[in-house]
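Trainee: Dropping the structure in here first, questions after.
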Amino acid sequence: MSRVATNTKFMQKYDYVIIGAGVSGLAAAQQLRRQGKTPLVLEARDRIGGRVLTHRGRGLVDFGAQYIHGANAATWEWVRDNEIVTQAWFNETNPTTAHTHLFAVDGQWLSGDEALKTRIAELCNHPTQQPAHDISFADYYRPLAPADDPAFILANVRNERIEAADLTRLSAYHTAHERNISTSGWGNFKVPNGYDAIVAALAKEVNVQLNSPVLQVDWSEDGAILHLPTQQIWARYVIVTLPLSLLQLGMPVFNPPLPAEKLQAIHALAMGHVCKLVLWFKTPFWQDFTFISTNGVVASWWPVLSSPATLMGYSGGPRAIQLSSLGQAGAIEQGLHELSQLYGPAVREQFSEGHLQDWSTDPWARGAYSYTPVGAGSARQQLAAALANTLFFAGEAANVNGHHATIHGAIERGREAADEAMQTG
Ligand SMILES: Cc1cc2nc3c(=O)[nH]c(=O)nc-3n(C[C@H](O)[C@H](O)[C@H](O)COP(=O)(O)OP(=O)(O)OC[C@H]3O[C@@H](n4cnc5c(N)ncnc54)[C@H](O)[C@@H]3O)c2cc1C
C-alpha cells in the first residue's frame, strides 16, 4: 500500500470526514459526536437529506422517501426524541386493513372484491420461504399463476415497484433471506409534516459543508486526501456514504483504485429506479380511496393528504425507467392519459400542474435504492468492508441486516461504519 504522497501541510485536517449528508452520513456524524468526535460532512448538493426531499408549494409533498417501514425501524429513535408526528398508513400485503384499495388492469377497473385482494396479497407475500437455489423473481413467480391472471400481473408490478427492480434480475433467493433476517417489523407510517423533519433531527449540531463534491480520494493506511473542486482536505478516517450507482460509475475517483473484490461487490449489486409523478388538480375528481394498483406505466396512485387535490403516481423498476425516458411533459401526459382511462374527461378538466421527480437522472443519486440481483452472493458484506483502516463504507446499499433500500437501513449502517472507524482509531 503506497502512502499518500501530497504535501498535507496547508490542508484542513480532520480525524473523521464523511462523504454525503444523506441520512446515513448524518447518522454516522451523530454517532461520532456522541463519542466526543467532531466530524466534517462533505455534501455535493446545496442541501442536506440526499434521497429525502420535502417539497413545500401548494401543499407538502415528499418527492423522495416518505414512509417509515416497520414499528422497530431505527428511525423511531429520532422520531420520538424530536416529537415528530407520524400516522399509521396501510399495508398493501395485508388485505384486512380497512382501506380502499382499488385495482385496474389495462386501463379498466377490476372489481375490488375480497377474493381478488386476498389473492394479490398472497402472491405479493411470496417468496414465503427461501427458494432452494438462487433464481430471479421472474423465474420464481412464473409457475405460481397463469401470465394473464390479473392478480399475477398486479403482484409482479407491485414487486417491481416496491423493490425498484427488474424482476428478471432481482434474486428471489437473496430477497427472501433479507426479509427473513430483517428486524424492522410490520406497518408503514407517514410523516405528515414532512420527512425532512427526520433529516433535520439527524443534522442537529453536525458540521456539514454544502456544495462540496468530492472528486477524488487519495487513500492509504495513513489516511486520505479528499480533492474538492477548489480545496483539499486531509482525513484520518473517511466514511463513504455515496449511492451505489455513483460508485458503479467510478465517482469519485479512488487513488489507488478500489481493490478487485470491492469493485466486484459494487457491480454485483444493482441500483433500482423509482419515479414519482405528482399531479395537482383544481378540485378532486375522485371519490375517497387509499391506493390504486395498476399495470400502467404509472404503477400506482394515491392521494397526498398533506396537499389539496393532489395525486401521487409511483413507478418502480422498468416502469420507472420508461417514465423517466418520457421526460417531464411526456410523463405528465402519460399520467393524465392513464387516469383519464379510469376517471374520464374530468381528469384533464381539473388538471392544474404536474411534476416528475426522476431520481434516475438526479446527478447525485442516479437511481432510487439498491436491490440484490441473482448471483450477488455476499456483495453487501464486501461492499461494507473497511479498507486499510482508512475507508469505511455506509449508505443504504451497504446495510447487511436486510434493511438496505430504506431510511432506517441507511441510518443503521451509518452508525455501524462510525463505530468501526472509532474502534480502529
Ligand atoms: C422515490 C423514493 C422513495 C423512497 N421511499 C422510501 C420510504 O418511503 N421509506 C424508506 O425507508 N426509504 C425510502 N426510500 C429509500 C431511502 O430514501 C434511501 O434508502 C436513503 O435515503 C438513502 O440514504 P443514504 O444516506 O444512504 O443516501 P443518500 O440520501 O443518497 O445520501 C448520499 C449523499 O451523498 C451526496 N453525494 C453524492 N456524491 C457526492 C460526492 N462526490 N461528494 C459529496 N457528496 C456526494 C448526495 O448528494 C447525497 O446527499 C426511497 C427512495 C426514493 C428515491
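Throughout, read-outs are computed from the coordinates displayed, never taken from laboratory work. Computed from a predicted model, the values in this text were never measured in an experiment. Quick reminder, even Gly has a Cβ in these numbers, built from the backbone with ideal geometry, and neighbours come from all protein chains shown.
Trainee: Can you tell me the alpha carbon radius of gyration of region 119-259 divided by the globular rule-of-thumb value 2.2 N^0.38 Å?
Mentor: For region 119-259, the normalised Cα radius of gyration is 1.49.
Trainee: Whole number please: convex hull volume per residue, Cα atoms of region 12-107, in Å³. Before the final figure, lay out the partial values.
Mentor: Values: hull volume 18.0 nm³, N = 96.
Hull volume normalised by residue count: 188 Å³.
Trainee: Which FRET efficiency value, to the nearest 0.05, is calculated for residue 361 and residue 106 with the Förster distance at 41 angstrom and r the Cβ-Cβ distance?
Mentor: Approximately 0.90, to the nearest 0.05.
Trainee: Sort out for me the Cα centre separation of region 266-345 from region 62-113, rounded to whole Å.
Mentor: Their Cα centres are 16 Å away from one another.
Trainee: Something else: Counting just the Cα atoms, what span does region 84-202 cover along each of its three principal axes? Round to the nearest Å and put the largest first.
Mentor: Principal-axis extents of the Cα atoms in region 84-202, largest first: 46, 36, 23 Å.
Trainee: Taking only Cα atoms of region 199-352, what ratio of Rg to Rh do you get with Rh as the Kirkwood inverse-distance radius? Don't jump to the answer; show the numbers that get you there.
Mentor: On the way: Rg = 22.0 Å, Rh = 19.3 Å.
Using only Cα positions, Rg/Rh for region 199-352 is 1.14.
Trainee: Given the options 265, 200, 145, state which has the largest fluctuation in a GNM of the chain using a 10 Å cut-off (strictly under) for Cα springs.
Mentor: Among 265, 200, 145, the largest GNM mean-square fluctuation belongs to 145.
Trainee: Right, something else. Using R₀ = 35 Å, calculate the FRET efficiency as 1/(1 + (r/R₀)^6) where r is the Cβ-Cβ separation of residue 11 and residue 267; round to 0.05.
Mentor: The calculated FRET efficiency here is 0.60.
Trainee: With an 8 Å Cα cut-off and a minimum separation of 6 or more residues, compute the relative contact order for region 202-248 in percent.
Mentor: 23 percent.
Trainee: Here is a follow-up. Under a straight-distance cross-link criterion of Cα-Cα below 26 Å, which lysines are reachable from residue 282, leaving out those fewer than 8 residues away in the same chain?
Mentor: List returned: 190.
Trainee: Over every pair of different alpha-carbon atoms in region 290-335, take the mean of 1/r and invert it; report that Kirkwood radius in Å.
Mentor: One decimal place: 11.0 Å for the Kirkwood radius.
Trainee: Residue farthest toward the positive end of the dipole of region 26-111, with Cβ of Lys/Arg at +1 and Asp/Glu at -1: which of 59, 69, 48?
Mentor: Positive-most Cα among the choices belongs to 48.
Trainee: Using a 10 angstrom Cβ neighbour count of at most 11 plus a DSSP loop assignment to flag exposed GluC sites (Glu not before Pro), which longest range of the chain is free of such sites? If you can, show how the numbers build up before the last one.
Mentor: Working: sites that count: 83, 205.
For GluC sites (Glu not before Pro) (loop position, at most 11 other Cβ atoms within 10 Å), the longest site-free span of the chain is 206-425.
Trainee: Determine the dipole magnitude for the chain: charges of +1 sit on the beta-carbon of Lys and Arg, -1 on that of Asp and Glu, nothing else is charged, the reference point is the Cα centre, and the result goes in debye to the nearest 20.
Mentor: Working: 31 positive and 38 negative charges, 184 e Å.
The calculation lands at about 880 debye.
Trainee: For the chain, what are the per-bin percents of Cα-Cα distances with bins 10 Å wide, up to the bin holding the maximum?
Mentor: Taking every Cα pair in the chain, the percentages come to 5, 22, 31, 25, 13, 5, 1, 0.
Trainee: Per residue of the chain, what 222 nm ellipticity follows from adding -39500 (n - 2.57) for every DSSP H run with n ≥ 4, rounded to the nearest 500? Could the numbers behind the result be given before it?
Mentor: Working: 13 runs with 136 residues, N = 425.
Result for the chain, helices only: -9500 deg cm²/dmol.
Trainee: In cubic angstrom, how much convex hull volume per residue do the alpha carbon atoms of region 252-338 span?
Mentor: Each residue corresponds to 146 Å³ of Cα convex hull volume.
Trainee: Relative contact order, percent, of region 12-60 when contacts are C-alpha pairs under 8 Å separated by at least 6 residues?
Mentor: In percent, rounded to a whole number, it is 42.
Trainee: Test of the criteria: in region 223-327, which trypsin sites (Lys or Arg not before Pro) are in a DSSP loop and have at most 13 other Cβ atoms within 10 angstrom of their Cβ?
Mentor: Listed in order of number, the matching sites are 282.
Trainee: Same structure, new question: How large is the direction-averaged shadow of the alpha-carbon convex hull of region 68-150, in nm²?
Mentor: 8.2
Trainee: Counting alpha carbon pairs within less than 8 Å and at least 6 residues apart, what relative contact order, in whole percent, applies to the chain?
Mentor: Here the relative contact order equals 25 percent.
Trainee: Sorted from largest down, give the three principal axis spans of the alpha carbons of region 164-226, whole angstrom values.
Mentor: Cα spread of region 164-226 along its principal axes, largest to smallest: 41, 37, 23 Å.
Trainee: Test of understanding: what is the full-extension gain from residue 255 to residue 77, defined as 0.36 nm times their sequence separation minus their Cα-Cα distance?
Mentor: Details: separation 178, 0.36 × 178 = 64.08 nm, distance 3.75 nm.
Extra length available between residue 255 and residue 77 comes to 60.3 nm.
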